[in-house]
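Novice: Structure below; questions to follow.
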Amino acid sequence: DYPDIATPLRTQAIMNQYGINTKKSLGQNFLTNIGVLKQIVAAGEVTTTDNVVEIGPGIGALTEQLARAAQQVLAFEIDQRLIEVLAETLAPYQNVTVINQDILKVDLETALTQHFDDPKAPLKLVANLPYYITTPILMQVLESGITFDSIVVMMQKEVADRLSAEPGTKDYGSLTLAVQYRMQAKLAFTVDRRSFVPNPNVDSAIIVLTPREPLTVQPRDEKKLFQLFKVGFKLRRKTLWNNLISEFGKTEEVTTKLTTALETVGLDPRIRAEKLTLEQFITLHNALFDAGV
Ligand code: SAM
């Protein structure tokens with residue numbers, strides 16, 4: 001049994017020993033609250049049969065807890081300075097691999113096949129994300145085509161609220177739809193700023209993503225569907241109609257097609273996009289696609 005990395009004292013000692021000052025530009029806020037780390041691992045229901053991917057291990061606070069709970073852990077850390085730190089802090093754990101790479105430049109599928117001994121094991125992603133790239137990381141992971149049994153990620157609470165939003169609320173938008181199209185999103189719990197060193201200047205929350213129920217309608221063209229999510233919310237206060245014509249033009253030809261498409265799916269043009277469910281968005285996209293818009 002080794003002492004936890006994630007105490008304020010040990011974290012400070014490690015940082016002093018290596019002369020590490022945290023970089024704000026890399027979103028470095030290290031967790032020093034062991035209770036929160038245990039809650040994160042519990043939220044992922046991580047067990048000794050699981051393969052776990054971590055993004056941004058820092059000095060290893062979460063990695064250590066994952067190593068104790070999982071079969072194997074693969075972690076990606078961009079900051080070269082932390083690699084020698086991790087080599088020491090994680091030395092007791094034989095089931096951890098740290099790769100010194102920018103996660104946004106990693107070919108995840110290849111990395112996973114190369115590093116996990118048991119490719120059939122349940123696959124989970126557990127991370128305290130660098131907040132400045134939360135959305136690009138999530139989109140990369142969701143669009144990688146890799147099936148994660150669960151994704152447990154800490155992020156800015158404001159973003160967590162958007163990912164888990166319901167139609168008709170102020171947080172509901174194109175990001176909500178882009179994520180919920182692939183996974184079910186649940187805000188698990190919020191985390192106090194004092195649980196980190198240094199304290200971040202935003203509130204944090206843990207989001208749990210799990211495979212969603214199959215969609216009742218399939219989009220004709222995924223790329224265009226994602227564009228429609230954005231078009232719908234271009235100007236939040238405007239009606240769906242106004243956002244559509246400002247995107248597609250208001251020539252008679254286009255407005256006729258738009259009118260037909262909206263009628264086909266039974267939508268009042270005066271509705272606002274925030275009222276539309278994901279399924280309604282897909283149906284609308286299909287009607288627009290069929291109308292040639
Ligand atoms: N997991 C640690 C913890 O919970 O204490 C550190 C979390 S800290 C919020 C985010 C980590 O992500 C930092 O270690 C930072 O260096 C790393 N990071 C930032 N950008 C990255 C990128 N593009 N690819 C991989 N890691 C990155």
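Novice: Return the tail of the calculated pair distribution for the chain, meaning the percent of Cα-Cα pairs more than 37 Å apart.
Specialist: Summing the P(r) of the chain above 37 Å gives 25 percent of all pairs.
Novice: Based on DSSP H runs of at least 4 residues, each adding -39500 (n - 2.57), what is the mean residue ellipticity at 222 nm of the chain after dividing by all its residues, to the nearest 500 deg cm²/dmol? Let's see the in-between values first.
Specialist: Details: 12 runs with 118 residues, N = 293.
Result for the chain: -12000 deg cm²/dmol, rounded to the nearest 500.
Novice: Also: How large is the charge dipole for segment 38-153, taken about the Cα centre, if only the Cβ atoms of Lys, Arg (+1) and Asp, Glu (-1) carry charge, to the nearest 20 debye?
Specialist: Computed charge dipole of segment 38-153: roughly 200 debye.
Novice: Let me ask something additional. Could you list which residues have their amide H under 5 Å from that of F196, counting only those 5 or more apart in sequence or on another chain, with H placed in the peptide plane?
Specialist: For F196, the qualifying residues are T32.
Novice: Here's a follow-up. In terms of modelled amide H atoms, which long-range or inter-chain residues lie less than 5 Å from the amide H of Q184?
Specialist: Under 5 Å from the amide H of Q184: T210, R212.
Novice: When we measure straight from the Cα of K24, which aspartates and glutamates land under 18 angstrom away, once same-chain ones fewer than 8 places off are left out?
Specialist: E77, D79, D102, D203
Novice: DSSP loop trypsin sites (Lys or Arg not before Pro) in segment 1-75 with at most 14 other Cβ atoms within 10 Å of their Cβ, which ones? The partial results should precede the final answer.
Specialist: Values: sites: R10, K23, K24, K38, R68; in loops: K23.
Answer in residue order: K23.
Novice: May I ask you to list the lysines whose Cα is less than 17 Å away from that of K234, ignoring any residue fewer than eight positions away on the same chain?
Specialist: Qualifying lysines at Cα under 17 Å: K170, K223, K224, K250, K275.
Novice: Something else now. Between Q12 and R212, how high is the FRET efficiency from 1/(1 + (r/R0)^6) when r is the Cβ-Cβ distance and R₀ = 41 Å? Nearest 0.05.
Specialist: 0.45
Novice: Please work out the C-alpha center-to-center distance from segment 71-107 to segment 193-237 and express it in whole Å.
Specialist: Segment 71-107 and segment 193-237 have Cα centres separated by 27 Å.
Novice: Where the only charges are on Cβ atoms (+1 Lys, Arg; -1 Asp, Glu), what is the dipole of the chain about its Cα centre, to the nearest 20 debye?
Specialist: The calculated dipole for the chain is roughly 1060 debye.
Novice: Another question, then. Mind checking which of A178, L163, T239 is farthest towards the positive end of the chain's charge dipole, using Cβ charges of +1 (Lys, Arg) and -1 (Asp, Glu) about the Cα centre?
Specialist: Comparing the listed Cα positions along the dipole, T239 ranks first.
Novice: Can you give the charge dipole size of segment 96-201 about its Cα centre, rounded to the nearest 20 debye, using +1 on the beta carbon of Lys and Arg and -1 on the beta carbon of Asp and Glu?
Specialist: 320
Each value in this text was obtained by applying a stated rule to the coordinates, not by laboratory testing. This structure is a prediction, so every number in the text was calculated from the model and none was measured. Cβ: placed from backbone, ideal geometry, glycine included. Neighbour counts: every protein chain shown.
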